[in-house]
Each structure stands twice: as C-alpha cells, then as structure tokens.
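Let me begin by presenting the structure, written as structure tokens, before commenting on it.
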Amino acid sequence: MMTWCCKRDEKNKDLCGVGITFETSSEGVMVVQSLVPGSPAENCGLIAAGDALYEVDGRSFYRSPAVDVAKAVLGAEGTSVSIGLKRGLRYESDPLFYVSLVRRPIQGAGSVQAALRPGGV
C-alpha cells in the first residue's frame, strides 16, 4: 500500500484543501486514512476512515493516481469541491454518497508525498 497526503510548500502556497489523508489500496483505490482535526472534512461529520473515493466534482477518480486526485481536490481558498465516496470497499453496487466541502488553508495542504508502508511494494 502507498500512503500519500497533502503537504503545504512554497511552490503551492495558494492551494487549500479539505483535510483528508488518503491511502492507496493494493487494488489502486484511494481510501480515506484519516481526517485532519478541525478540518472541513472532519467537521462535516460524514466522512470516515475506510471510505473509498470515487468522484471529485462529478468526474470519476476511481483508481486514479494520487497526483491527479490531489490536483482535483486542492484549490483556491473558499471554493467548494464535491467528493463522491462509498462506505468502504464492500460492494460495487453500494451507492455513492456525496459531500460538498469548502477549501481552506490546512496545515500540510499543497503537494503530494508518497511513502511505502512497512512490507509495501
């Protein structure tokens, strides 16, 4: 599994996020690993660790590279992003649920960093 999260840097200092850290599953699906405390994602109360990402702003990002997902989720402060998720990776037929979040400065938002987990490839 590969874990990535958004980290603020000087090159991308104007990018804001919603406070979700994703992990790429062995099947290539982006799964919510954690939520930044006090972030829009945590405050909405609907997103949980283990939720699988399917859409961003109506476009499919199922099994998309982390860099592409980050480009879609990150944006200007005060703008909204709609994220389509499924509760876990149980069944393809499970319905998506959608959350609309307003981007804001998040400690750590801005660039994708990837790290292999112990035992990862």
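Rule-based calculations on the coordinates, nothing more; no lab input. Note that the structure is a prediction, hence the values are computed from the model and not measured. Note: ideal-geometry Cβ built from the backbone for every residue, glycine included; neighbour counts use all protein chains shown.
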Sort 54-60, 69-75, 21-27, 35-41 by the packing proxy (mean of other Cβ within 10 Å over each peptide's residues), most packed first.
69-75, 35-41, 21-27, 54-60
Kirkwood Rh, segment 15-59, all Cα pairs: how many Å?
11.1 Å
